[in-house]
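Step one of this worksheet: look at the structure below.
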DNA sequence: ATGGTAGCCGCGCTA
């Protein structure tokens, strides 16, 4: 089973790229973030024609998450029942007996801002939700845009970014709390190239200079981590004309 | 030097 996560930064703009990428990569489950589409505008037909079922939760202009699956998703839960939230950032479903949680963690803007406090609250509630889901089904995938670079090796310039948004100690502690629930960072189950990132700022030639961060992750509960045979970042997507500022990440499960 | 770029029914906001 091949899992993929991608912050597409507008599904409307990125739909042609997504369809081409799906045909090339043939993932079984795709976690999308920043669809920026109201549910009525979701491109159901195009996704169905590509061979995927969908569950989605969107709003206009901002946020929006979707799950594309070969097998029908069941037990779909919109948002976090433990944290009422107007913003459409979380989607949970069961696919082939595996719990799938698609997350678009708040960016946080800057340390100490209202948005930062919201981010930390949101992450606290996410951890509680994940604990509940693992207890219900030990096979769980949590994937999406975490807006957290877990470690200095996930940062192009750790000194400049030290303590900054996406890298601060409380954000990293929130990420570690998810690992403490038994989730594994699939990317780090394998040897990886240095300076592997999933996001590069559109500004200041960020991608050309590889000034990136690894903030998009596929976390696997222990029974799934033991089945994981590969994990990769598809940075070639960031080289295309009119790219998302994020590249997709994938993880493969054997058996 | 707080810059810069992309996306959104925009006239600023979020990332």
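Points worth noting:
- Mean Cβ neighbour count within 10 Å, used as a protection proxy, ranking A:31-38, A:189-196, A:120-127, A:47-54 highest first: A:31-38, A:120-127, A:47-54, A:189-196
- Extended-chain gain in nm, criterion 0.36 nm per residue less alpha-carbon gap, residue A:191 and residue A:162: 8.0 nm
- Share of pairwise Cα separations in region A:151-255, more than 18 Å, in percent: 52 percent
- The mean of 1/r over all distinct Cα pairs in region A:30-173, once inverted, gives the Kirkwood hydrodynamic radius of 16.1 Å.
- Contour minus Cα-Cα distance for residue A:78 and residue A:179 (0.36 nm per residue): 34.1 nm
- Percentage relative contact order, chain A, counting C-alpha pairs under 8 Å, at least six apart: 19 percent
- Calculated mean residue ellipticity, 222 nm, chain A: -7500 deg cm²/dmol, from DSSP H runs (n ≥ 4) at -39500 (n - 2.57) each, averaged per residue and rounded to 500.
- Taking the average, over residues, of other Cβ atoms within 10 Å as the packing measure, peptides A:78-90, A:107-119 rank A:78-90, A:107-119 from highest down.
- Short-range pairs are left out: with C-alpha atoms under 8 Å and at least six residues apart, the relative contact order of region A:64-140 is 27 percent.
- The mean sequence distance of close C-alpha pairs (under 8 Å, at least 6 residues apart), as a share of the length of region A:1-93, puts its relative contact order at 25 percent.
- Inter-centroid distance (Cα atoms) of region A:2-41 relative to region A:101-165, Å: 21 Å
- Compactness check for region A:1-91: Cα Rg over 2.2 N^0.38 Å is 1.02.
Each reported figure results from applying straightforward, stated rules to the coordinates on display, with no laboratory input. Computed from a predicted model, the values in this text were never measured in an experiment. We place every Cβ from the backbone using ideal geometry, glycine too, and count neighbours over all the protein chains shown.
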